[in-house]
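Take a look at the structure below.
Just so it is clear, none of the values below were taken in a lab; they were calculated from the coordinates. Since we're looking at a predicted model, the values are computed, not measured. A quick note on method: Cβ atoms are made from the backbone with ideal geometry, for glycine too, and the neighbour counts reach across all protein chains shown.
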């Protein structure tokens, strides 16, 4: 028996209410069509979604956790980047 | 024929129940996690169909039998499923080939039954058709992948086809039950059902580089309650709880 494994795929599902596809997990499949079918069977059994994207995990480029210090910490001290310093005028709803 | 509708519903429901049970045997044994879940999804679709069909069958019969009574408390000769669906699972290739031959028949069947003059049958067919379209897509793709795959997978699929082919003719078994229901409009015209099945099967098997066996030997009997020894084992497992603990609910 061959020990070759099928490639890993990342699965993104858009829910009925949602506007964007969200990462829900990963699975193995021989190609993109099988990945979509498997995602349907594994990740939409409880009516989780109405649209599926799959991306081969090998095609995902990730940031390096070792660089977290220099990548993310500088933002911590820039509280003024949050739009929370404005007074919202009366009568503006849903803010 | 008085009980034609009841008889037909048993045929329809037993195909779903027995194949659903066969597929449930894969639970925890699938070749990969993803396919394990896919097979149990198919199983649950089929058992759901059986539930709806038996519920209606019980009403049609008018003897107060529930869907559970019909599923769990009949003897083997009272089951009307095709011999094809009681065939053992074998390897994954055999299961997929059995599924494909069945799905390729069930999809056009439901496409016709949605036009039944019987509203319940039409409604059950409409719901089941959506499920069956996916089943056929799933099994077709696997037949093609495995048939046109490695030498090993190709040979296994060809063996599965050679073994199951003699049970395929029974898909189109018809007798006075069908004649009665056609006369009353419950069953729409089924003339092109077989040719549509043949078209699907020929196209998929060709793409899968598999050869339809030349042997035309046919084996049938399920529709009349004459089963292979395999059904007994299925029923032993399926009915054990209700026989051991009558009226048990959970």
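Helices in chain A, meaning DSSP H runs of at least 4 residues, each add -39500 (n - 2.57). Divided by all residues, the mean residue ellipticity at 222 nm is -6500 deg cm²/dmol. Averaging 1/r over each pair of different alpha-carbon atoms in region B:154-241 and inverting the result gives 15.8 Å, the Kirkwood hydrodynamic radius.
Taking the Kirkwood radius as the inverse of the mean 1/r across Cα pairs, report the Rg/Rh of region B:2-244.
On the way: Rg = 17.3 Å, Rh = 18.2 Å.
With Rg and the Kirkwood Rh in hand, the quotient comes to 0.95.
Cβ crowding within 10 Å ranks B:224, B:107 as B:224, B:107, fewest other Cβ atoms first. Computed from Cα atoms, the angle from the helix B:33-61 axis to the main principal axis of chain B rounds to 30 degrees.
Mean per-residue shielding of peptide B:79-89 is 0, counting Cβ atoms of other chains within 10 Å of each Cβ. Between 0 and 90 degrees, the angle of helix B:92-113 with respect to the longest Cα principal axis of chain B falls at about 50 degrees. Evaluated at q = 0.12, 0.18, 0.21 Å⁻¹, a Debye calculation over the C-alpha positions of region B:1-116 (equal weights, vacuum) places log10 I(q)/I(0) at -0.45, -0.94, -1.19.
Which whole number of Å³ per residue matches the convex hull of the alpha-carbon atoms in the protein assembly as shown? Don't skip to the end; give the middle numbers.
Numbers: hull volume 78.0 nm³, N = 345.
Taking only Cα atoms, the protein assembly as shown has a hull volume of 226 Å³ per residue.
Based on alpha-carbon atoms, the Kirkwood radius and the radius of gyration of region B:158-204 give Rg/Rh equal to 1.10. Would you mind checking the tilt of helix B:119-147 against the longest principal axis of the Cα atoms of chain B, expressed as 0 to 90 degrees and rounded to 10? Helix B:119-147 sits at roughly 20 degrees to that axis. Taking a quarter of the surface of the Cα convex hull of chain A gives a mean projected area of 10.8 nm².
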